[in-house]
Amino acid sequence: MWEELPASIRPEIADTVHDSLPGRAVERYEVLYSRLVVEAPEFRYWFGQLEHQATRTELRRALSGLESLLSSIVPQDPPVDIAQALSRAHQAALNRRILDAESTPEGMQVPTLGEAYLDPDFRVRAVDGQGSPASEDWWEEAPVRQDLTEYLTGVLTSEGFALAPLLVLGQPGAGKSVLSRILAARLPGAGFLPVRVALRDVRAEDELQDQLEQAVRDATGERVTWPALVRSAGTALPVLLLDGFDELLQTTGVHQSDFLVKVARFQERELEQGRPVLALVTSRTAVADRVRCPQGTVAMRLEPFRREHIVAWLEQWNLSNARHFTSRRLAPLTWDVLEPHRTLAGQPLLLTMLALYHAAGNDLQGADERPLGEADLYEALLGSFARREVAKDTRDTLRDTQTDDLLERELQRLSLVAFAMLNRRRQWASTAELEEDLAALLGRHAIRPSDFREPVGQAEITLGRFFFVQRAQSIRGGQTLSTYEFLHATFGEYLAARLAVQLLTRLLDHRPVFSMGSEPLNDDMLFALLSFAPAFSRQTLRFARARVEELPEDDRERLSRLVVRVLGERELRADQPYPAYLPQRMRATARQGIYSANLVMFVLLLTGETTASALFPTEDDPGDAWHRRALLWRSSFEEPQWTDFALAVVLRRTRTGDRRDLKIRLREGELTTPEPTDAHWLYQVPREQEDVLWQRPYWNEIWHKMDLSTGTNDGVALQALRPLFESLGPLLTMFNGGGGRPATSIVHDLLKLWLEGETGMSPEETQVLYQRVGNALLVSDRDGSLMRHLRLVLVGLLDRDLKRFPPQDVQRLADALSVHAPAELRELLQGRAAAARFGPLHGE
């Protein structure tokens, strides 16, 4: 259109557009902006974020800016009637102490929720069906954010969240439940109707609407139907805060996995009725893979505290307890003291636990001013809280030795709880499961309170009073269902390792009745606890090492011999002690395999390094003995457990005279390449001074046995090696040995030439490999197809490699290869050698 205008007026029009159009565009923008602010007040908030986002660096406490932000963009009608009562109930939470008086040392002043809560960092990602929010890898694509107040303001003013809930995830102690309380308190009653439902306190089998009505009654004491409540709130937007979905899953089973779908359906119905509802559901991250997420679900994961969070939290804590610290002559708790334990301090509830430990007069540093080691810290933390509970029960009427005995019984009971979780291969256990376990292991007869064998019906009382144990519950059929888990998984792992080492050291007390002969060692409790799950995964092995290293060296040496003896004796026994203890159904052979693998790990912890002949002293062939046990272990473990075991152990094949053996130790540091396999060791062929060639005829059986296993590892290896089996199968079991070198197969040497010969080896090494491969030509006339394949491979490699050799070495290499070759191949090799010697490359 511009081209159709007369050329004479184009400059004038251009000047007019240049001068007036920007101003008119600005005017039009302002008109539209004003209209949008009127029609959509939340737009004013979103626009403002662009102006001050770069300056938002200060940590906020308890979503302090949320109320003012929302109040500026929602109607200003104050709540009345039940809505007002709900608002008062929610706001009262801000003034409550973060811990009750029974959980704190005498004289402490604990901050309120409004004072202590800090807005955490978080990540947000839409749940699109690709991967699971329970996986750490799934969250890598989502950046860490620090604008929780602004993000929640956007959620609460977005229509999209009226169709599916916001799923808030986090670790135990990350502050999910507290966030729901803070949000309920901060939502302005003029414009919002928050209804917080602690799912642990409502009937799990009820419909969501019934659960909402029950929660309102619990908070206000008034009965009201959901429609009547929404109508009485006028234009206020209902916001459902459904806290503790993971507790429903743990306590009632997988039939609750569609809970989020039910919430979305409820939102859809309410929207159709003209009552749009927003919903937020909290849950532990670990169970997110068991959740069916409706379309449009967005997940938000709370991140651990960073240094700035911890420092700010400590400032408030030290301020609240300044008088307490002065009276006890305690220094305030600082970041420098907590930094070595920042993994624990990153979770708000565990940070509180560390602060309580310090405030009770305990030192987070050792006697030499170094930070406590990890195992020592766990022993001190758990022991400190258990001692306080014992003191409450006994009212300081017992002597120190008696108190110590009761303390140890409490920790042992907690250790059995840890094994209940470990042996079920999850991080929680139900009350019913704990009672069954304790009854099977300790009996059902009642003894005095706090005794190690007190009635198992007291499991809930015993666990519920410990600060570091979290109780999940739901109500189903009028019955309260409870499960327990440790605030941090490593608490359970430490307690399991602690009890395992204790049971092992009791073997040192074994004293035979008769001096002649020997009596079987009593490992009944040890077998019961260590035969259902590996005790060497995650942190357990590290904790066990720390406890073992505290034993005197002589005790470790003697104990290692006793554990080896237990290993041999248990393999000859068919009984299973404590038959009522069945945390999971399992084959007897699988339990035997898991137990023996656990014992081998403890021998390694005690000795640092051992041998197969020391582990299996009655076996004639220690190498074969290890192999047979490894097959048992592999069949007993699930694949991830077998991987943990394999990656934890390092082997070195050795010989003692003509007897083959293995040196075994635990891996330290990064994963390294296994040592090369020597076929001399595999086939028990001595290393001769002269080069020797031998062959085993069963190469064709190998891939059939790999195929029969249908295992992932065998399948991957078989898939990669199939072309070699098909083309060069007999060479897989044809070995070059002697000469003081490891024996390798012809296929190994060919692959090394192909993959490393051009750049990874010297001409001398390459020549040796060609000579070893040339030995295979001794039997080449027996199999015509093998000869053809080998010839093609050799010719291709020679065409590449002969150009790298000096002229004087070319003929010698060809002679070495062709000495055993048939006439046709000999002529071909000699011709290639001549071309390499006298061709243009060497003639320059």
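The values are calculated or read from the model by the stated rules, or taken from the named source; none is laboratory data. Everything numeric here is computed off the predicted structure, so don't read it as measured data. Cβ atoms come from the backbone with ideal geometry, glycine included; neighbour counts cover every protein chain shown.
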Taking segment 742-757 as the search range and keeping residues that are surrounded by 14 or more Cβ atoms within 10 Å (Cβ to Cβ) and of a type in the set (D, E, K, R), which one is farthest from residue 725 (Cα to Cα)?
752
Of (1) surrounded by fewer than 19 Cβ atoms within 10 Å (Cβ to Cβ); (2) touching a residue at least 60 places away in the same chain (Cβ under 8 Å); (3) not hydroxyl-bearing (Ser, Thr, Tyr), residue 348 satisfies all except one. Which?
(1)
Six or more apart or on different chains, Cβ under 6 Å: which pairs go from a residue in segment 676-692 that's closer than 16 Å to residue 746 by Cα to one that's surrounded by fewer than 14 Cβ atoms within 10 Å (Cβ to Cβ) and aromatic (Phe, Trp, Tyr)? Could you list them?
none
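Working only within segment 416-432, note down all residues that are at pLDDT below 90 and either in a helix (DSSP H, G or I) or not hydroxyl-bearing (Ser, Thr, Tyr) (or both). Please lay out each step first, then the result.
Step one: of segment 416-432, the residues at pLDDT below 90 are 425-432.
Matches in segment 416-432: 425, 426, 427, 428, 429, 431, 432.
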Cβ pairs under 6 Å, 6+ apart, first in segment 562-586 and closer than 22 Å to residue 629 by Cα and assigned by TED's automatic domain parsing to the domain that holds residue 440, second aromatic (Phe, Trp, Tyr) and surrounded by fewer than 18 Cβ atoms within 10 Å (Cβ to Cβ)
none
By residue number, the members of segment 558-607 that are within 18 Å of residue 645 (Cβ to Cβ) and in contact with a Lys or Arg (Cβ under 7 Å, 6 or more places away or on another chain) are 595, 596, 604, 605, 606
For segment 424-438, the count of residues that are under 15 Å from residue 579 (Cα atoms) and surrounded by 21 or more Cβ atoms within 10 Å (Cβ to Cβ) equals 2
Show the residue pairs that are 6+ apart or on different chains and have beta-carbon atoms under 7 Å apart, the first residue being within segment 130-141 and closer than 15 Å to residue 287 by Cβ and surrounded by 10 or more Cβ atoms within 10 Å (Cβ to Cβ), the second being aromatic (Phe, Trp, Tyr) and modelled with pLDDT of 90 or more.
132/138
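I need the helices (runs of 4 or more DSSP H) fully contained in segment 274-379, keeping only those with at least 1 residues that are among the basic types (Lys, Arg). Can you show your working first?
Numbers: elements: 307-320, 322-327, 335-338, 342-345, 348-359.
Ranges flagged: 307-320, 322-327, 342-345.
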List pairs: first in segment 742-759 and without any contact (Cβ under 8 Å) to a residue 60 or more places away in the chain and at negative phi, second of a type in the set (Val, Ile, Thr) and assigned to a loop (DSSP other than H, G, I, E, B), Cβ under 9 Å, 6+ apart or cross-chain?
748/677
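Among residues belonging to segment 162-201 that are hydrophobic (A, V, I, L, M, F, W, C) and in a loop (DSSP other than H, G, I, E, B), point out the one that is farthest from residue 295 (Cα to Cα).
Initial filter on segment 162-201 (hydrophobic (A, V, I, L, M, F, W, C)): 162-164, 166-169, 174, 178-179, 182-185, 187, 190, 192-193, 195, 197-199.
Filter once more, so that each one left must be in a loop (DSSP other than H, G, I, E, B): 163-164, 174, 187, 190.
Values: 163: 9, 164: 7, 174: 26, 187: 26, 190: 31 Å.
Of everything passing the filter in segment 162-201, 190 is farthest from residue 295 (Cα to Cα).
Quick check on residue 203: is it in the same structural domain as residue 138 (by TED's automatic domain parsing) and without any contact (Cβ under 8 Å) to a residue 60 or more places away in the chain? Lay out the reasoning, then the answer.
Details: in the same structural domain as residue 138 (by TED's automatic domain parsing): yes; without any contact (Cβ under 8 Å) to a residue 60 or more places away in the chain: no.
So residue 203 does not fit the description; no.
Restricting attention to segment 368-384, and to residues there that are closer than 22 Å to residue 542 by Cβ and at pLDDT below 80, which single residue is surrounded by the most Cβ atoms within 10 Å (Cβ to Cβ)?
372
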Cβ-Cβ below 6 Å, separation at least six or inter-chain, first residue in segment 282-293 and farther than 15 Å from residue 427 by Cα, second of a type in the set (Ser, Thr, Tyr) and assigned to a helix (DSSP H, G or I): which pairs?
282/180
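Please find, among 697, 723, 686, 730, the residue that is farther than 18 Å from residue 600 by Cα and outside the structural domain of residue 791 (by TED's automatic domain parsing).
Numbers: 697 fails: outside the structural domain of residue 791 (by TED's automatic domain parsing); 723 fails: outside the structural domain of residue 791 (by TED's automatic domain parsing); 730 fails: outside the structural domain of residue 791 (by TED's automatic domain parsing).
Being farther than 18 Å from residue 600 by Cα and outside the structural domain of residue 791 (by TED's automatic domain parsing) holds for just one of 697, 723, 686, 730, which is 686.
Here is a yes/no grid of residues against (1) surrounded by fewer than 21 Cβ atoms within 10 Å (Cβ to Cβ); (2) under 21 Å from residue 481 (Cβ atoms); (3) touching an Asp or Glu at 6+ places or on another chain (Cβ under 9 Å):
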residue: 214; (1), (2), (3): yes, yes, yes
residue: 236; (1), (2), (3): no, no, yes
residue: 249; (1), (2), (3): no, yes, no
residue: 281; (1), (2), (3): no, yes, yes
residue: 286; (1), (2), (3): yes, yes, yes
residue: 289; (1), (2), (3): yes, no, no
Write out, first by first residue and then by second, each pair whose Cβ atoms fall under 7 Å of each other, whose residues are 6+ apart or on separate chains, and whose first residue, in segment 633-652, is loosely packed, with under 15 Cβ neighbours inside 10 Å while the second is charged (D, E, K, R).
647/667; 652/663; 652/675
In segment 480-496, how many are under 14 Å from residue 246 (Cα atoms) and out of contact with any Pro (no Cβ under 9 Å at 6 or more places or on another chain)?
4
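Taking segment 619-659, which residues are part of a strand (DSSP E or B) and under 30 Å from residue 551 (Cβ atoms)? Break it down stepwise before answering.
Quick first cut of segment 619-659, residues part of a strand (DSSP E or B) only: 649-656, 659.
Within segment 619-659, 649, 650, 651, 652, 654, 656 meet the criteria.
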For residues that are within 25 Å of residue 311 (Cβ to Cβ) and part of a loop (DSSP other than H, G, I, E, B), tally how many sit in segment 120-161.
6
